[in-house]
Amino acid sequence: MTRKVIHSSHWGAYYARQGKDGLDITPHEGDRAPSEILQNMRGALDHPARVLRPAVRQSWLRRGPGPRDRAIGDPFVEVSWDTAASLLADEVRRVRSAHGPEAVYGGSYGWASAGRFHHAQSQVHRFLNTAFGGYVSGVASYSAGASAPLLPRLIGNYTEISRNTVSWKHIEAETELFLSFGGLPPRNSAIGNGGVSDHIEHDMMRRIAARGGVFHLVSPIRDDIPDDIGATWHAIRPGTDTALMLAMAYVLQDEGLADTAFLKDYCVGYERFRSSLLGNADGGPRTPVWAETITGIPADTIATLARDLVRKRTLISVAHALQRAEFGEQPVWAALALAAMVGQIGLKGRGFTYALGSLAHTGRQRVSVPIPVLSQGINRCAAFIPVAAISEMLLNPGAPFRFMGQKQTYPDIRLLWWAGGNPFHHHQELHRLSRAIGRVDTFVVQEQVWTATAKSADIVLPISFSLERDDFGATRNDPRLFAMQRLCAPSGEARSDYDALSAVAAALGPDEHAAFTEGRSAADWLRHLYEPTRVALEAMGLDAPDFDRFWQDGWIDLPCHPDSGGFLEAFRNDPQEHPLGTPSGKIEIHSREIAGYGLDDVPGLPVWRPHRRPPNADYPLFLIANAPESKLHSQLDFGPTSTAAKVAGRERLRLNSVDAARLGLRDGDMARVENECGACLAGVQITDLVRDGVVHLQTGAWFDPQPDPEGAARVFCAHGNANVLTHDKGTSQLTHGCSGQIGRVNVRKWTGPIPRLRAFDPPPFVSDSPEGSAS
Ligand SMILES: Nc1nc2c(c(=O)[nH]1)N[C@H]1C(S)=C(S)[C@@H](COP(=O)(O)OP(=O)(O)OC[C@H]3O[C@@H](n4cnc5c(=O)[nH]c(N)nc54)[C@H](O)[C@@H]3O)O[C@H]1N2
Ligand SMILES: Nc1nc2c(c(=O)[nH]1)N[C@H]1C(S)=C(S)[C@@H](COP(=O)(O)OP(=O)(O)OC[C@H]3O[C@@H](n4cnc5c(=O)[nH]c(N)nc54)[C@H](O)[C@@H]3O)O[C@H]1N2
Ligand SMILES: [Mo]
């Protein structure tokens, strides 16, 4: 029997041990509702998709840096670590002297692993700061591309809003009516960035329902809230929530139900909003009858729900998903305006919240001691892009763009360096991304497994799984710090990101190496980073184990700030003493600043904007491409939980029985899903949990580009990656966030040949050498 270790992941803490048939994974006893995603780790350590040795694209090895077609499926040459480190050091020197940090994109977006020291982005940013003095960064996230920049102008910091204002404890005690736009699925709160020690959300919802609390779910998909909560489902047409919200606001205004005192004392700009609701500017009041035709929700239902909002202790929440779409600012802003009219913002468990239940670290208490984090150093390069403008930037060097009203220029990137993310999972319009990546001189990827991103790279460094190294698992909104104990040595020649980058830093020279490592080994770093936590615990008079005892015990409980309504409660209690961080210090229903940018797609107040590409005769169905239930994004897509959720070995396409009958589809059929961006295969599952006119294809299937058997599509994915179908179009000119949640498609039964799945195959390896190379 082998040793059992304690470990942590973004989807929960667990014990691991090498069993007879691979890894045994047992959830930690402190977790009341462990996630099945844990089991995806079984079989991962020695999966054939592992990157085992440093590898270089053959064409790069032969011809050196330069733009090229970086096709997935092209051959690689495996090299030693010494060779890889020296090739990378040469390339760093070349780009550094010829172009400088403005030619390096180290945005490197992605979730990576849960550990705090071996956090891939922190490591690569620290390295690029050390080696180049900086890099072009990506701001905001794919999660909250529109809301993260927007909310500070309207009410306050978005992380504070979602994590530290309205808590589950307060909701459990107070909330009578919970109006959720986009849902509160436990499949999503399975995940917390940095870890989650206890999955509380479903339990909380059950308790609220048991004491008579009422949930309303607004979503095209019924299982965005658990069935046993007894929520009322409002099956909205995708992308139309703003119209629904405006109509509810209209009812409150029209029937004299708006809280005028709250609007006067705590908000600015209500008068203009009122005038736009009444249709004074562009004709037509925003009535429930108006909204019914847009949303598909009956006018009576809209009016009744609006009246209920002011009669009860009400919380309005907006999921991330709503703003991950064209004009994504609008539903967030409109929900805030509606909640302001209801007048309960700042009261416990009531008012407005954002992204609650989209993740596990929302609605919890904040830890009151520092958690271990690695400093990324100082980035002296000011250039940045909104993170989802990656293809846009690579394809348009020198072109102007605007972000939050500021004029900027896209830099000319020569070196692209990625650690801990999978752009061929997270970005939209993947054929365009491939083209964009072809423009750089060199693409470096640090990966554990041969993802499509790794297969698109020039130089791939093999990285250890977290079970193959020691680390901490912690996050600021979870009360438990875990030791992530190493179970075994890395497969092949894999190393941690730290050791990999240390090797490159050493090849660059002693100064770079010293600056990157500060003379510490990974083990030294763990002790070093633990110290601030221990000192703070000791200062509070709490049990403050030394590192060795902590490591042996496996975890410690951390103290939390008292559960309060955060800055919103303070503002409500005394708006003069505790103004908001917004330009006016109040809630901005109309933003003078944003109005001043003069943008048509985001004027100064919430407005209804229909999507520019609604379903049409060629592509008659809405596509919902959301976060996957059975895995975190694309991670461990080959694992047992993920594989079990596929249909006929391809990603599952869910659709309504009425649509299925019309299309002649049956359960288990193979379908071709297509539009002007591309096509993919997917396995059919018929369910009336999805509203009519909508098909549901979650994201996360590893991209598997193969020749289109019909020869028609711009890109064809044999596995069902939804991002071959999504448009690479930012949310708006204000934020340029990811808009991948909603698309439009045509679906047909597929009776043609079914290509073998190649997504999890490594690339072909050839032997080669930089000399002796004539191509
Ligand atoms: N259409 C559409 N697209 C979307 C979304 C959507 O709703 N619809 N959602 C978006 C959202 S919210 C997000 S956050 C993104 C997520 O996009 P990503 O975060 O890029 O997705 P992951 O699959 O988590 O990618 C993490 C990668 O890091 C690797 N990795 C794990 N641990 C380590 C490590 O220790 N070191 C290194 N070097 N690598 C490691 C994994 O193997 C994996 O390939 O996707 C976005 N894309
Ligand atoms: N299991 C699992 N959990 C995850 C993740 C994961 O990959 N796997 N990813 C994590 C990350 S990084 C993030 S950012 C969050 C994402 O959190 P969210 O963005 O909130 O999650 P999604 O599942 O993408 O979307 C939630 C639901 O919104 C609904 N929806 C889509 N369009 C509309 C619309 O126009 N109106 C309304 N009312 N509803 C709509 C869809 O039915 C969808 O199921 O999830 C986190 N949790
Ligand atoms: Mo996200």
Solvent-accessible surface (1.4 angstrom probe) belonging to residue 384, in square angstrom, nearest 10: 40
Heavy-atom accessible area order for 354, 250, largest first, 1.4 Å probe: 250, 354
Neighbour-limited loop hits for trypsin sites (Lys or Arg not before Pro), segment 210-267 (at most 15 other Cβ within 10 Å; DSSP other than H, G, I, E, B): 211
Gap separating the Cα centres of segment 591-617 and segment 121-167, nearest whole Å: 23
Accessible area (Å², 1.4 Å probe, nearest 10) - residue 23: 10
Trypsin sites (Lys or Arg not before Pro) restricted to DSSP loop in segment 276-383 with at most 13 other C-beta within 10 Å: 380
Positive-pole candidate from 680, 657, 694, dipole of segment 621-749, charges at beta carbon: 657
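In segment 33-64, which trypsin sites (Lys or Arg not before Pro) are in a loop and have at most 13 other Cβ atoms within 10 Å, using DSSP for the loop call?
Numbers: sites: 42, 50, 57, 62, 63; in loops: 42.
Answer by residue number: there is no such site.
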By accessible area with a 1.4 Å probe, ligands and nucleic acids excluded, highest first: order of 359, 542: 542, 359
Per-residue ³J(HN,Hα) for segment 540-550, Karplus 6.51 cos²θ - 1.76 cosθ + 1.60, θ = phi - 60°, Hz, x for Gly and Pro: 8, x, 9, 4, 10, x, 6, 4, 5, 5, 4
Cα long-axis angle, helix 201-210 against the chain (0 to 90 degrees, to the nearest 10): 20
Förster radius 45 Å - calculated FRET efficiency between residue 399 and residue 521, Cβ distance, rounded to 0.05: 0.50
Segment residue 613-residue 211, extension gain: residue separation times 0.36 nm, minus the distance between their alpha carbons: 140.4 nm
Förster radius 56 Å - calculated FRET efficiency between residue 658 and residue 595 (Cβ-Cβ, nearest 0.05): 0.80
Amide proton proximity set for residue 555, modelled H, under 5 Å, gap of 5+: 483
Surrounding net charge for residue 637, when Lys and Arg each add one and Asp and Glu each subtract one, Cβ distance under 15 Å: +2
Using θ = phi - 60° and Karplus 6.51 cos²θ - 1.76 cosθ + 1.60, couplings along segment 601-609 (whole Hz; Gly, Pro as x): 7, 9, x, x, 8, x, 9, 8, 10
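Around residue 647, under 10 Å between beta carbons, what's the net of Lys plus Arg minus Asp minus Glu among the other residues? Please report the intermediate quantities before stating the final value.
Values: positive: 646, 650, 652, 654; negative: 651, 667, 669.
Value of the local net charge: +1.
Take the alpha carbon gyration tensor of segment 621-749, find the square roots of its eigenvalues, order them as a ≥ b ≥ c, and report rounded if a/c is under 1.5; if not, report prolate when a/b exceeds b/c, else oblate. Walk me through the numbers before you get to the answer.
On the way: a/c = 1.27, a/b = 1.17, b/c = 1.09.
Rounded shape, in that the Cα axes give a/c under 1.5.
Which order do you get for 499, 471 if you rank them by accessible area with a 1.4 Å probe, largest at the top?
Details: 499 70, 471 0 Å².
Largest accessible area first, the residues go 499, 471.
So what's the back-of-envelope 222 nm ellipticity for the chain, counting only DSSP H runs of four-plus at -39500 (n - 2.57) apiece and dividing by all residues, rounded to 500?
Details: 27 runs with 233 residues, N = 775.
Helix contribution divided over all residues of the chain: -8500 deg cm²/dmol.
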Whole-Hz couplings from phi, Karplus 6.51/-1.76/1.60, listed for segment 84-100; x for Gly and Pro: 4, 5, 6, 4, 5, 4, 4, 5, 4, 4, 4, 5, 4, 7, 7, 10, x
Amide H partners (placed H, <5 Å) of residue 191, local residues excluded: 360
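About the Cα centre of segment 11-127, what is the dipole size in debye to 20, counting +1 per Lys and Arg Cβ and -1 per Asp and Glu Cβ, all else neutral?
Values: 16 positive and 13 negative charges, 84 e Å.
Dipole magnitude for segment 11-127 comes out near 400 debye.
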Cα gyration tensor shape of segment 76-143, rounded if a/c is under 1.5, else prolate or oblate by comparing a/b with b/c: oblate
Probe 1.4 Å - accessible area at residue 15, Å² to nearest ten: 40
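Assign unit charges at the C-beta atoms only (+1 for Lys and Arg, -1 for Asp and Glu), then state the dipole size of segment 621-749 relative to its Cα centre in Debye, rounded to the nearest 20.
Numbers: 14 positive and 14 negative charges, 25 e Å.
It works out to roughly 120 debye.
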Amide H contacts of residue 214 (H built 1.01 Å from N, under 5 Å, at least 5 apart or other chain): 177, 178
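The values are calculated or read from the model by the stated rules, or taken from the named source; none is laboratory data. Source: prediction; values computed, not measured. With ideal geometry, Cβ positions are generated from the backbone for all residues, glycine too; neighbour counts draw on all protein chains shown. Only protein heavy atoms, including side chains, enter the accessible area calculation; ligands, DNA and RNA are left aside. Shrake-Rupley method; radii C 1.70, N 1.55, O 1.52, S 1.80 Å.
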